[in-house]
Every structure is written in structure tokens, then in C-alpha cells.
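These notes concern the structure reproduced below.
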Amino acid sequence: MPDQPRTQVSEARRASIDLYAAPGLRLDEAVALATAAESAGFGGLWTLEAHTEPFLPLALAAEHTSRIELGTAVAVALARNPMIVAHLAHELNRYAAGRLSLGLGPQVGAHITRRFGAPFDHPAERMTEFVAALRAIWRCWNEGQPLDFHGSYYRHDLMTPAFDPGPSGVGEPRVLLAAVGPRMTAAACAVADGLIAHPLTSRRVALEQLRPRIAGAVRPGFELSCPVLVITGRSDAELDQARAAVRRQIAFYASTPAYRGVLEFYGAGDLSDRLRLMSRAGEWDAMTSLIPDGLLREFSVEAPAGSLAGALHTRFDGVLDRIMIYAPYPVPAGLWPEAGLGGS
């Protein structure tokens, strides 16, 4: 399906363009990146739980910014429990004057059981109950309701004054869920304020799979967000470097069994199987070379720095509500202010 013509962009809902701080944001980098993102005109800054944990950098970002929205995209829910996450998000949202969006994801089973050492079963049901528990805890603190949550996986029914932080003064944060398949998408529609799609979400996937699945979402303001891989720079050499890094990132994602369905959508299920076997052998460079130019174009947006914002709006306005710019390579200093984001 071709990109939406520019003549139609003004008629569609204009997406917010945010910055996705992947593969993780270190504490000594948080202030500089947050203030640069705000001054460059980004709508939001999102942290990822990968190389680093996602909450601490947002405290520094909240302290040194005043306008930009802040969020996790995503924090791993099932390695924690609802009370711990409720405290983190409640205080961060209070400190950020209501600018926090709490993005949560289940992670894949092997990481939950082998990396985090936590149980993993019925992830969609657990995530649904996790969000319900969060909201019950926040109602206790913000509205004074008795804490009496009893589910199949979580129980929270003790809150003494010594452990009650009191109202945040800004209400509870928005909760977004990461989802790939139909079961987790249904969970997001049932209990969350939005869905964060995986970076292997092309315009076609969003229009033909995700949008129909969330058409029945009933929560007001339900948003569809996605980290979008971008290839940008000021010179041909910088663009070449970015293109290679994005191609490598696509190969990594495409080797994950959970995302095989996306490759099947493009008739490339066999490529996913081959990449998975190569990843087990550590053949990362060879994997990268297998990603064809057609898939690279589908799963990324390429444009010189000065026209990046326009290219993103052309591709995703009316399809995504939030575009999280995902650049998996060192971005040249001072590039973001050149990207034309001020009007996004």
C-alpha cells in the first residue's frame, strides 16, 4: 500500500512526534537529552527497559523540563508487581505535574523466567489484572477508597497510613500496553488508555491489522503509538551508517518468534525462520545482509534531517497518534533541531 499522499495529510489527525530513547537512557545522559528534546520541539520523551531501567531517568527529565510529555515504552510489568509499579508511577507523575504515561509490556517468556527469575503464564490475563490492580491502588491513594483487590494473580488489601503516599494532586497516569498479537491487543483495548505497537509495525500492518483490532476501544482518547525506525543524517555517509544500523535492528527483531507473523504478512515467514537459526549461532552480520531493501523501506522512514518530520507525517498521520522516533545509532550532534519538529 503506498504512502498517504501529501494532499491528504492536512485532513488526517496530525500525529505527535516523540523521541524514543533506545536502547536505554543512562542517568548522566538524561538531563541533556530531555532538555534537547524539549527545545527541539518533540512532543514527548520515552524510555525503554533494555540497557538501563526506565524510571530513574524520567525523574531527572521531569526536573529539568516543563512541557514535554514523559513515558516508558516500555517498562517490564511481569518482572515486578503492581504495588511497586504503582508507587513509581504515582510519584513520577506527581513530580512531573501529570505529564507521565506509564507504558507496560509483558516481555517474552524466556526473559521473564530466565533473566528476571519470575513466573510467566497467561500473559494477557496477567497484564489485564496488573492494570486493574494499579488502578485500585491509585484510587486508594488519590480518592481514599479502601484497598480491596483480589484477583487470580495479584492480591492487594492492606494499606496503612504509614505506607499511603496520599493524593498525587494530578490524578493517575495514563496506562499504555505494548501488544503484538490479538490477545494482548484485546487486553489493551479493555483496560488501557492506549497501545504501543512494536517497531516492526509498518503503515500496512497498522492499517490492516492494528487499526481494525482497536476499532472497538471504548476508553476516551485511546491512542495508538509506535517506535518508528528512522534513517536520517546530514550527509550520504551518515545516511549509509544509519541505514546499516536500521537494517541490523530489523534483522534482530525479525529473528524473534513472536514477530514471525509480521514477516508472514509480507510473505517472508521463511526468512524469519532462517534469521532465528542464525541468531542462535551469533551470525549477526550475515543476518543483516539478508534484509531486502523492500522490507527496509516498509519498516523504516528514510529522509535527510531537514525533511524527516514531513516524511514521518506523510507516512503515519491518520494511522498513528504518536510517532516515537527510533534511531538505533549515534545521532550526529545538534541534528534534532534541524528536523522540523517544531510544528509537529
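A short reminder: the numbers here are calculations on the coordinates, not readings from a lab. Worth saying up front: this structure is predicted, and the values here are computed from it rather than measured. Cβ: placed from backbone, ideal geometry, glycine included. Neighbour counts: every protein chain shown.
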Taking a ≥ b ≥ c as the square roots of the eigenvalues of the Cα gyration tensor of region 19-171, is the shape rounded (a/c under 1.5), prolate (a/b larger than b/c) or oblate?
-> oblate
Separation in nanometres of the label points that stand 7 Å from Cα toward Cβ, at Leu27 and Arg67 | 3.0
Normalised convex hull volume, region 128-188, alpha-carbon set, Å³ per residue | 89
Compare the peptides 38-49, 121-132 by average per-residue count of other Cβ atoms within 10 angstrom and give them in order, highest first.
-> 38-49, 121-132
Cβ-based exposure ranking for Ser272, Ser225, in which fewest neighbours within 10 Å come first = Ser272, Ser225
Tell me, what does the Kirkwood hydrodynamic radius of region 290-344 come to in angstroms if you use every pair of distinct C-alpha atoms?
-> 12.5
Exactly which trypsin sites (Lys or Arg not before Pro) in region 186-258 are in a DSSP loop and have at most 15 other Cβ atoms within 10 Å?
-> Arg234
Net dipole in debye of region 56-208 [+1 Lys, Arg Cβ; -1 Asp, Glu Cβ; about Cα centre; nearest 20] | 480
In bins 10 Å wide, starting from 0, what share of all Cα pairs of region 144-272 does each bin hold, as a percent?
-> 10, 28, 27, 19, 12, 4, 0
Compactness ratio of the chain: Cα Rg over 2.2 N^0.38 Å, N = residue count?
-> 0.99
Ratio of Rg to Rh for region 13-62, alpha carbon only, Kirkwood?
-> 0.98
According to a simple spin-label model (label point 7 Å from Cα along Cα-to-Cβ), what is the distance in nm between Leu158 and Ala50?
-> 3.9
The answer for the per residue Cα convex hull volume of region 234-302, in Å³, is 76
Ascending count of other beta-carbon atoms within 10 Å, so fewest first, for Phe265, Phe163 = Phe163, Phe265
Towards the positive end of the charge dipole of region 60-147, with charges on Cβ (+1 Lys, Arg; -1 Asp, Glu), say which of Leu104, Gly144, Ala133 has the farthest Cα.
-> Leu104
Label-point gap, in nm, between Thr35 and Val218 - each point 7 angstrom along Cα→Cβ | 4.7
Looking at the chain, what % of its DSSP beta bridges pair antiparallel, to the nearest 5?
-> 5
Considering every Cα-Cα pair within region 251-337, what fraction, in whole percent, is farther apart than 18 Å?
-> 55
Want the number for Asp236 to Leu207: 0.36 nm per residue separation, take away the alpha-carbon distance, what's left?
-> 7.3 nm
Once amide hydrogens are built 1.01 Å from N within the peptide plane, the residues lying 5 or more places from Ala75 or on another chain with amide H under 5 Å from its amide H are Gly103, Leu104, Gly105
To the nearest Å, what is the center-to-center distance of region 221-238 and region 139-179, using C-alpha atoms only?
-> 35
